[in-house]
Amino acid sequence: MQSGQDEDILCQFRDKNTRDRGFNVLVSAYQEKIYWLIRRIVISHDDSNDVVQFVFIKIWNNIGDFREDAKLSTWIYRIAVNEALALLKSRKFINFIPFFNVEKKLAESLVDDHFFQADEIELKLQKSILALPTRQRLVFNMRYYDELSFEEISRILNTSESALKSSYHFAFKKIKKYLIDD
Amino acid sequence: MKKKNYIRQDKDIPDKVSEDQKKMTGRKNPFKVPEHYFEGLPVQIQNKIKAGEPVKQKNTGLIKTFAYSGIAAAAIIIILLVFSELIPEKTQENKQQYIGNNFESTITEYLEDNMDESALIEMSSDSVSLFSPEEIPDISLTGDHDARAQAADKEFKMDASITENDIIEYFISENIDPETIL
């Protein structure tokens, strides 16, 4: 079942005359949510900008095939997560090193990032999040920052809610330990 | 605690997180975007769609840095491999002999310091088993293959009443991080 706004977007999209308007409404409704979700995964603004534009172009090209098996928001979030993870994966590949730790590089890059403004504690928090395994990092960010419900995250990541709760629990514990010990 | 600002001065960086951004993320957000970024994003996306740009992520920013570091690492490995081939045979032999002698003496010293003779004999004995006799399931080695397979199935069959939630709760109660065992 789509929300009222999503239903409206899909209706406009199906009509050739209102397609552009429908897409504009979609971009306006989701751009910030999608940007922040991607930004916390890929960290740099430039990369986030590339991925977010790529995601919306992909949505434009594929929304005609969207069968409404899932909510529109879930479908959009899923594309965003997959594309952001694909970027990280391509980095690992480009480095030709099987165990190249891209998250460690991203944590190091925070200090010199023009678009990262944090005190010591916030920097430490972000570094501790980047030290988590990718899946735990995703779950933690989506729950803690994006405030998505476990039910919604479960649909986006196609994982059971209990497994997500476990991931969140361990992510939280690791972050706490990192903040206290280091 | 005294706050340390990790960001360089830049005109297009907002002084503080916008109210919309706070509302959107729910938590304090140290990541920033250029001023008016979200206002211009829909136009950028529309322009790309109209221009019919191929749907492909760009390799920008850090990805180039990562690529260069990967190439540098590969170059170092190749140089080392070539160099090792160029070392005269005599030198190689001496080097191997040196490593061999020292390795042996180090191992001997370690064993003398840390283990008594009886422990060494026990370690080298073929009769030592990882399991006590009670822990080894009683599966007859005689009989046909199907019978043995059935006996093994019966012995190792997982209790059907154990649910995924039980496993997750067990992990949490025993403090086992699933990431470390999967």
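The values are calculated or read from the model by the stated rules, or taken from the named source; none is laboratory data. Because the structure is a prediction, the values reported are computed rather than measured. Neighbour counts are summed over all protein chains in view; Cβ atoms, including those assigned to glycine, are modelled from backbone coordinates with ideal geometry. Ligands, DNA and RNA are stripped out before the accessible areas are found, and what is left, the full protein with its side chains, is counted by its heavy atoms. Shrake-Rupley method; radii C 1.70, N 1.55, O 1.52, S 1.80 Å.
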Compactness index (Cα Rg / 2.2 N^0.38 Å), region A:1-95: 1.13
What accessible area, in Å² to the nearest ten, does a 1.4 Å probe give for A:TRP60? 40 Å²
What is the set of long-range amide H partners of B:LYS32 at a cut-off below 5 Å, with H atoms built 1.01 Å from backbone N? A:PHE116, A:GLN117
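Just to make sure I understand: if all protein chains stay in place, what is the order of A:TYR168, A:TYR77 by accessible area at 1.4 Å, largest first? Kindly include the intermediate steps, with their values, before the conclusion.
Numbers: A:TYR168 45, A:TYR77 20 Å².
Highest to lowest solvent-accessible surface, that is A:TYR168, A:TYR77.
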Please calculate the 1.4 Å probe accessible area of A:TYR145, with all protein chains present, and give it to the nearest 10 Å². 10 Å²
To the nearest 10 square angstrom, how much accessible area does A:LEU125 have with a 1.4 angstrom probe? 40 Å²
Per-residue Cβ counts within 10 Å, from other chains only, averaged over A:108-120: what number is that? 6
Tell me which DSSP H helices of chain A clear both cut-offs, 27 Å or more of axial length from alpha-carbon atoms and a mean Kyte-Doolittle hydropathy of at least 0.5. A:72-94
Give or take rounding to whole Å, what are the principal axis extents of the alpha carbon atoms in region A:118-182, in descending order? 35, 20, 15
Calculate, for A:SER3 and A:ALA86, the FRET efficiency according to 1/(1 + (r/R0)^6) with r their C-beta to C-beta distance and R0 41 Å; round to the nearest 0.05. 0.90
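Summarise the partner chain shielding of A:13-20 as one whole number: the mean count of Cβ atoms from other chains within 10 Å of each residue's Cβ.
Values: counts 0, 0, 0, 0, 0, 0, 0, 3.
Across A:13-20, the average partner-chain Cβ count within 10 Å equals 0.
Please go through the residue pairs A:LYS104/A:LYS177; A:LYS16/B:LYS32; A:LYS105/A:LYS176 and name each one whose alpha carbons sit more than 25 Å apart in this structure. Don't jump to the answer; show the numbers that get you there.
Values: A:LYS104/A:LYS177 18 Å; A:LYS16/B:LYS32 37 Å; A:LYS105/A:LYS176 21 Å.
Among A:LYS104/A:LYS177; A:LYS16/B:LYS32; A:LYS105/A:LYS176, the Cα-Cα distance tops 25 Å for A:LYS16/B:LYS32.
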Chain A - Rg (one decimal) and Dmax (whole number), Cα, Å: 17.7, 60
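Mind checking the mean number of beta-carbon atoms from other chains within 10 Å of the Cβ atoms in B:31-39?
Working: counts 16, 8, 8, 4, 0, 0, 6, 5, 0.
Across B:31-39, the average partner-chain Cβ count within 10 Å equals 5.
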